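The values are calculated or read from the model by the stated rules, or taken from the named source; none is laboratory data. Being a predicted model, the structure only gives us computed values, none of them experimental. All Cβ positions, glycine included, derive from the backbone under ideal geometry; neighbour counts span all protein chains shown.
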């Protein structure tokens, strides 16, 4: 059986291929009589449009890219679900790229996407990102970029993030309300905007309550798991070890649990722990982990919604704007008063 395509429909109706295409697209310059003839034959022959050919004609790939620093973090797994819900509703495909916290890899991915492979990009910056110069070419190529979670304040675009300063302050004051006097703050590079905002919240809380802000209480960890664990274990091995730990990143809270188990420190009797985390297993840890839980699904969905709004208005300049969604403190046994 011959393939049913635009050329065959046009031949049987004795019309131009362009006329058949515009009739199927309900173009205003095609008569109603012609549209009815084309649609009737298309139904009779069970014509199925080729989405890829249509995309090429419209100079659209019907695909967006999502660039993430990692996938092991439960937050990003949940955020992807929110992104895909919106993408599917818009009949778009999603390509996912992982930078593994490497700025060089992030830049290489961006260069790859400059060839028109995608219509837009959702992006969460890598921990090694020092600048956003590599993103300027995307703007020149009219490929919109929307940041979510790990955002840049120096690149004009739309950002979807959470209330990191307030959450950092809330997490720290929670530990203070549980009688913690020496509170450690665990972070990675400290270069990202979300890290800086969370640390500012931590510092304001300890300073307001007259607690120590000694440099040895701020532990800058490494993306290397072994090095991070070593630093945390050394901190907890000191005679003046902290009695409270605020982990600004999900994985660092797990390292604290592991170090406490090795050092035979009791949680929460010897050390109380709170962390940013979207782990479903947080409540299953022993003891259950008190968390600042981000609205990961809603952040992914909102970032995608914004991107598709931009894609619908390609000739309208994207405004620099930040959308803030609120995180919640979920109290569990790891910060209980004993």
Residue selected from segment 46-69 under the condition modelled with pLDDT of 85 or more and over 10 Å from the mean Cα position of the chain (by Cα), by the criterion surrounded by the most Cβ atoms within 10 Å (Cβ to Cβ): 64
Would you confirm whether or not segment 318-334 contains a residue that is assigned to a helix (DSSP H, G or I), touching a strand residue (DSSP E or B) at 6+ places or on another chain (Cβ under 6 Å) and either within 18 Å of residue 83 (Cα to Cα) or at pLDDT 95 or above (or both)? yes
Residues in segment 140-168 that are in contact with a strand residue (DSSP E or B) (Cβ under 7 Å, 6 or more places away or on another chain) and in a loop (DSSP other than H, G, I, E, B): how many? 6
Exactly one of 186, 211 is buried (at least 21 other Cβ atoms within 10 Å of the Cβ), in the same structural domain as residue 276 (by TED's automatic domain parsing) and either modelled with pLDDT of 90 or more or under 16 Å from residue 168 (Cβ atoms) (or both), and that one is 186
Hits in segment 88-123 - residues which are touching a strand residue (DSSP E or B) at 6+ places or on another chain (Cβ under 8 Å), assigned to a loop (DSSP other than H, G, I, E, B) and surrounded by fewer than 17 Cβ atoms within 10 Å (Cβ to Cβ): 117
Looking at residue 171, is it in contact with a strand residue (DSSP E or B) (Cβ under 9 Å, 6 or more places away or on another chain), in a helix (DSSP H, G or I), in contact (Cβ under 8 Å) with a residue 24 or more places away in the chain and over 29 Å from residue 226 (Cα atoms)? no
Has segment 298-315 got at least one residue that is in a loop (DSSP other than H, G, I, E, B), surrounded by 15 or more Cβ atoms within 10 Å (Cβ to Cβ), touching a strand residue (DSSP E or B) at 6+ places or on another chain (Cβ under 8 Å) and modelled with pLDDT under 95? no
Residues being within 22 Å of the chain's Cα centre (by Cα) and surrounded by fewer than 24 Cβ atoms within 10 Å (Cβ to Cβ): count how many of those fall in segment 237-251. 3
Just give me the residues in segment 259-280 being under 28 Å from the mean Cα position of the chain (by Cα) and either closer than 24 Å to residue 337 by Cβ or crowded, with 20+ Cβ neighbours inside 10 Å (or both), in sequence order. 273, 274, 275, 276, 277, 278, 279
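Has segment 126-146 got any residue that is in contact (Cβ under 8 Å) with a residue 40 or more places away in the chain, over 22 Å from residue 189 (Cα atoms) and surrounded by 14 or more Cβ atoms within 10 Å (Cβ to Cβ)?
yes
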